[in-house]
Amino acid sequence: MSHLADEQIERYRTRSLGPEAILAVNDHLFSCKECFRRFQLSVPFESGFGSIDFEPKPIHDYLYTRLEAYVDGELSAPERASFENHLIACETCRADVDDLLAFKTSLAGDVSRQITAAAGDAIELKEKGKGTGFATAVWGARVSWMPFAATLLVAAVIAAAVIWKTNSALRRQINELDTQLASLRAANDRLLAQHDADVKQLNETLANPSGLSSPSASADKVLRDGERVIRLTGGELVGLDGVSPETVEAVKKSLENDSVQVARVAVLTGKPFVLMGQTPDAAFGLESPVGVVVQDRSPFFKWGPAPGAVNYVVAIRNLASNQLITSPPLTGTRWRPAHPLTRGEAYSWEVRAMLDDGKELSTPGPDEPLAKFKVLGELPNREIEQTASLTPPSHLALAVLYAKAGLVNEARRELKIVVYQNPDSKIARRLLDSVELRYRQSPRSR
């Protein structure tokens, strides 16, 4: 399954996509855990942890045409499965299904009653006018359309039977979905109860540190991690089923030290590049990626506008092979290369602006340090993707892996989720603070 691009997720979050594109992204988010997790992480945290919504937000205005196709049995098997998954969590759409089925059943019943009444009127007229020439004439005129009325009546009966059968099948499915929903709610209640018990035990642990001065004292350490409960007891870590032994050991070490180790990428060290806006005369400069590791092989390159610029050209150079990749002339201030970059390789990049007076301006300038970044290697990327695909996911394990790979901002976002899920935990806050320190030291944060 192919994944959504960062730009698609951002435009979906800001509702700047067209109707068809919103439907396509909406359906993909319901079926792809990795892209939905990335969508969760795209929600800004600046307004406070309480503003995060961890549930998908379907666009009901656009789903209505799909609802009709579902009731009429016109959806394909994958579309039907996706829509039924949506019905499990959406009371609004379930009510719409019931209303639409009731309307179609009522409509079929009205047609059937009208045809039956018309046939009855004709028979009554014949009985009342027996023996009169007028009745014979009228009856002769009416009897000519009786076969047609009978045909309509049979068709209405068949249509009603089909609608009743469809309605019954759909109601059975909805009942089954309601049962599943009730089961999920009960499971959620159990998890919340377990969370409350864990928080209580955590608070008791923090209140009684056994007189040890080190933050990594031997007392149990407990963190809620989505549907998981991570517990460090007597040097043993439990709650990370399905995670590789190496990752479990790294998480254990982080909990013991109350700190997440962030990798320093050697090729990115040295004199830092000055980002746009960091000097008083910096009217034209690079924004990202600068001094960081990127997971996407086709990242977006962003820079600030140059006054009087007619167009821009981006040049990316492989630091090992010296291979050069250039963009076509661009009028905007962001660009994504058409061909993916090589995993594990480091690059530098610059932007040249052609001005309306015929002069050319480049950033970084000849006396400035290179703007460098590195594409995440194949092995760490595979380990991150495998961990991200776990059910249930582990934000703590992902944060440790991101930090280990040098993806500071990604580790920071995962740990913010851990802090949100453990609002009273000093352990979670210390883990986040250790990564925040490195984030503030990175060029991206300046």
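Values in this text are rule-based calculations from the coordinates and carry no lab data. Computed from a prediction, not measured in an experiment: that's the story for all the values here. Every residue, glycine among them, receives a Cβ derived from its backbone with ideal geometry; neighbour counts consider all protein chains shown.
Laid out as a table, the results:
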| read-out | value |
| --- | --- |
| Two-site label geometry, Q295 and E236: point separation in nm, points 7 Å out along Cα→Cβ | 3.2 nm |
| Distance between modelled label sites at A5 and A186, nm, 7 Å Cα→Cβ extension | 4.7 nm |
| Interchain or long-range residues, amide H under 5 Å from G344's placed H | V375, L376, G377, E378 |
| FRET efficiency, N311 to D72 (Cβ-Cβ, R0 56 Å, nearest 0.05) | 0.65 |
| Long pairs among K252/K426; K200/K221; K221/K426; K404/K426, criterion Cα-Cα beyond 19 Å | K404/K426 |
| Ranked E345, E246, criterion: other C-beta atoms within 10 Å, fewest first | E246, E345 |
| Point-to-point label distance, F103-V199, nm (Cα→Cβ direction, 7 Å offset) | 4.3 nm |
| Difference of contour (0.36 nm per residue) and Cα-Cα distance, R430 to A95 | 116.0 nm |
| Paramagnetic label zone (point 7 Å from Cα along Cα-to-C-beta, T14; backbone N under 15 Å) in the stretch 308-341 | 332-335 |
| Potential extension, R343-E249 segment - 0.36 nm per residue separation minus Cα distance | 31.3 nm |
| Rounded to whole Hz, the Karplus (6.51, -1.76, 1.60) HN-Hα couplings of the stretch 318-331, x for glycine and proline | 6, 5, 8, 9, 6, 5, 10, 10, 10, 8, x, x, 10, 9 |
| Karplus (6.51, -1.76, 1.60) ³J(HN,Hα), θ = phi - 60°, over the stretch 376-387, in Hz, Gly and Pro reported as x | 3, x, 5, 5, x, 5, 5, 5, 5, 5, 5, 5 |
